[in-house]
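The structure appears below as structure tokens.
The values are calculated or read from the model by the stated rules, or taken from the named source; none is laboratory data. Because the structure is a prediction, the values reported are computed rather than measured. Reconstructed Cβ throughout: ideal geometry from the backbone, glycine too, with neighbour counts over all protein chains shown. Just so you know, the surface numbers come from the protein's heavy atoms only, side chains and all, with ligands and any DNA or RNA stripped out. Shrake-Rupley method; radii C 1.70, N 1.55, O 1.52, S 1.80 Å.
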Amino acid sequence: DKNTNIVSDTTIENEEKLDKNDKVVINLTALNKITAKTSFIKIAVGDKKSFGTLEIKGLKCKVIEEKNSFDTIAYVQVKDLSKKDNDRVFLFNGWTFASNPTFQSIEHPIYDLWITSCENI
């Protein structure tokens, strides 16, 4: 009995560690409109990444079902760090949709960003 309990306790601890390490990841496609270079960005929820002068923070990512179809949505915040304002207001702060990136678009004169998928949901 004691050996079984030790094994099950260890198993539970290992499962908890795996769950904490499996972060939800937001997959984005980024386009530099000047160079026409496309990049693929993976951001763990809660983390920040840079693309050019943009700072991108992923806050949430979900897959939703509506009328027998699925869509991936993500809540992201985007700042343009080239702006020397002390306020550094968000260029974009909201939900964006994989199925319709122009519905809530991230507008910038040089860069385009759009969500493609989420991982570990």
Gly94 vs. criteria at pLDDT 85 or above and open to solvent by 40 Å² or more (accessible area, probe 1.4 Å): no
Residue that is surrounded by the most Cβ atoms within 10 Å (Cβ to Cβ) [pool: residues in segment 19-39 that are assigned to a strand (DSSP E or B) and in contact (Cβ under 8 Å) with a residue 24 or more places away in the chain]: Ile26
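Would you check which residues across segment 44-59 are of a type in the set (Gly, Ala, Ser), surrounded by 14 or more Cβ atoms within 10 Å (Cβ to Cβ) and assigned to a strand (DSSP E or B) and list them? If you could, list the steps in order and put the result at the bottom.
So in segment 44-59, the residues of a type in the set (Gly, Ala, Ser) come out as 44, 46, 50, 52, 58.
When the remaining residues are screened for being surrounded by 14 or more Cβ atoms within 10 Å (Cβ to Cβ), the result is 44, 52, 58.
Passing the criteria: Ala44, Gly58.
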Of the criteria (1) polar (S, T, N, Q); (2) touching a strand residue (DSSP E or B) at 6+ places or on another chain (Cβ under 9 Å); (3) at pLDDT below 90, which one Asn68 fails: (2)
